[in-house]
Amino acid sequence: MQHGKYRFIVGFLAVPLGLYALFVIWPFIQSIYYSFTDWTGLSPEFEMVGLANYERMLDDDIFWKSLQHSLLFALLLPVVTIGLALFFSFMINVGGRRRRGGPAITGVRGSSVYKIVYFFPQVLSIAIVALLFAFAYNPDSGAINSLLRGIGLGELQPLWLGDPDLALWCVMAVLVWSTTGFFVVLFSAGMASIPAELYEAALLDGADRVTTFFRVTLPLLWDTVQSGWVYMGILALGAESFAVVQIMTTGPGGPDYSTTVMVLYVYQKAFRDGQAAYATTIGVALLVVTLAFSAVVLRLGRRERLEY
């Protein structure tokens with residue numbers, strides 16, 4: 001059985017590892033290399049400029065604004081999204097009242113319908129979601145201001161995406177709405193695998209719903225929550241935030257750079273301004289931020305593994 005074992009393992013791993021190195025590791029190495037050049041992205045010619053791009057980045061006020069917004073996304077979006085998803089999942093699976101002749105542990109009435117409703121935004125492309133909310137936020141003909149006028153709050157007509165103080169929060173609300181359903185389904189699957197006997201024992205000991213959640217559900221679901229936290233942070237720093245900001249905001253990234261995030265700034269410098277080398281420099285900074293975020297979450301969330 002041991003004969004040729006390592007050749008068998010290497011044979012299976014060689015192709016996927018080679019593809020990963022070619023399409024993931026090598027582009028990272030190229031980006032770091034080009035960040036030390038003056039490459040425009042439009043010509044094969046470039047020269048080495050040392051740390052000039054990094055010095056420019058440290059003096060770039062727009063970069064610091066985009067970094068601030070990206071960090072805000074990475075810190076707040078996972079908290080809100082994961083918190084809402086845990087609450088909805090708990091109510092769907094465990095939060096219902098006991099029915100006569102039914103099991104002691106059950107979800108609220110219509111829980112299967114709620115799962116479909118919560119997951120519905122995941123069926124839509126993020127581009128479609130961003131377009132729908134861009135129309136809803138329109139200060140003149142949008143659904144939100146029209147509703148405010150309909151209920152007698154016509155004097156309260158925010159500009160929403162046109163207000164530098166509100167635009168970023170409007171974008172964050174869209175990201176929360178579009179991603180919560182995915183985590184509701186993810187956490188619901190995890191909660192469904194927790195033995196009902198544990199919940200029944202907690203009820204016999206007099207535990208209420210809040211105590212049951214924090215003492216039973218959350219510890220047993222912690223690995224899933226931690227993975228979801230990292231995944232949500234990567235979405236907030238990457239493609240999801242780029243798509244919403246690019247489609248919804250003026251500029252995009254406005255007004256007055258109030259919604260510019262790092263991934264959007266990379267795109268603008270590379271494809272709008274023809275400064276590919278500087279864009280890769282910002283991309284390297286984004287890579288460092290993403291790795292640091294993941295490392296911090298995994299380190300702070302480390303705890304003894306519970307089995308059942």
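Given springs between every Cα pair under 10 Å in a Gaussian network model of the chain, which of ASP205, ASP223, ASP165 has the largest fluctuation?
So, out of ASP205, ASP223, ASP165, the one fluctuating most is ASP205.
From the protein chains alone at 1.4 Å, what is the descending order of accessible area for GLU155, GLU240, GLU200, largest first? Mind showing how you got there, number by number?
Numbers: GLU155 150, GLU240 45, GLU200 75 Å².
Ranked list, largest accessible area first: GLU155, GLU200, GLU240.
For segment 1-100, which trypsin sites (Lys or Arg not before Pro) are in a loop by DSSP, counting at most 10 other Cβ atoms within 10 Å?
ARG97, ARG99, ARG100
Along segment 230-238, what does the Karplus equation 6.51 cos²θ - 1.76 cosθ + 1.60 (θ = phi - 60°) give for ³J(HN,Hα), rounded to whole Hz, x for Gly and Pro?
Per residue, the Karplus-derived 3J(HN,Hα) values read 5, 4, 5, x, 5, 4, 5, 8, x Hz.
Probe of 1.4 angstrom, ligands and nucleic acids ignored: what's the accessible area per residue over the chain, in square angstrom?
58 Å²
Among rounded, prolate and oblate, which fits the chain when a ≥ b ≥ c are the square roots of the eigenvalues of its C-alpha gyration tensor, a/c under 1.5 means rounded, and a/b larger than b/c means prolate?
Cα axes put the chain in the oblate bin.
With the cut-off at 1.5 for a/c, could you classify segment 147-213 from its C-alpha gyration tensor as rounded, prolate or oblate?
In terms of gyration-tensor shape, prolate.
Under 20 Å from the Cα of LYS65, which lysines turn up, not counting those fewer than eight places away in the same chain?
Partners within reach: LYS269.
Taking 0.36 nm per intervening residue step and subtracting the Cα-Cα distance, what contour gain separates ILE32 from ILE116 on full extension?
That pair, ILE32 and ILE116, stretches by 25.9 nm at full extension.
Can you list residues from other chains, or at least 5 along the same chain, whose modelled amide H is less than 5 Å from the amide H of THR37?
Those lying under 5 Å, H to H, from THR37 are VAL49.
Which residue, PRO27, PRO139, PRO255, tops the fluctuation ranking in a GNM of the chain built on C-alpha contacts under 10 Å?
PRO27
How much length, in nm to one decimal, is gained on full extension between PHE46 and LEU17, taken as 0.36 nm per residue of separation minus their Cα-Cα distance?
Length difference between fully extended and current span is 7.3 nm.
As I understand it, the dipole of segment 121-214 uses +1 on the Cβ of Lys and Arg and -1 on the Cβ of Asp and Glu, about the Cα centre. Which of MET172, LEU204, ASN145 lies farthest toward its positive end?
My answer, from the dipole projection, is ASN145.
Looking only at ALA295, ALA167, ALA14, which one moves most when the chain is put into a Gaussian network model with springs between Cα atoms under 10 Å?
Its mean-square fluctuation being the largest, the pick is ALA14.
Can you tell me how segment 1-83 classifies by the Cα gyration tensor, rounded, prolate or oblate, using a/c under 1.5 as the rounded cut?
Cα axes put segment 1-83 in the oblate bin.
Report relative contact order for segment 180-308 in percent, whole number only (criteria: Cα-Cα under 8 Å, sequence separation at least 6).
23 percent
For ARG215 and ALA173, what does the FRET efficiency come to when R0 = 35 Å and r is the distance between their Cβ atoms, rounded to the nearest 0.05?
0.65
Charges only on Cβ, +1 for Lys and Arg, -1 for Asp and Glu: so what's the dipole of segment 59-299 about the Cα centre, in debye to the nearest 20?
I would put it at about 980 debye.
Using 0.36 nm per residue of separation minus the Cα-Cα distance, give me the extension gain between VAL288 and TYR6 in nm, one decimal.
Details: separation 282, 0.36 × 282 = 101.52 nm, distance 3.48 nm.
The VAL288-TYR6 span can extend by a further 98.0 nm.
For segment 146-159, what does the Karplus curve 6.51 cos²θ - 1.76 cosθ + 1.60, with θ = phi - 60°, yield as ³J(HN,Hα) per residue in whole Hz, taken in order and with x for Gly and Pro?
5, 5, 4, 5, x, 9, x, 10, x, 6, 9, 10, x, 7
The values are calculated or read from the model by the stated rules, or taken from the named source; none is laboratory data. Nothing here was measured: the structure is a model prediction, and the numbers come from that model. Note that we place each Cβ from the backbone using ideal geometry, even for glycine, and neighbour counts take in every protein chain shown. Heavy atoms of the whole protein, side chains included, go into the accessibility calculation; ligands, DNA and RNA do not. Shrake-Rupley method; radii C 1.70, N 1.55, O 1.52, S 1.80 Å.
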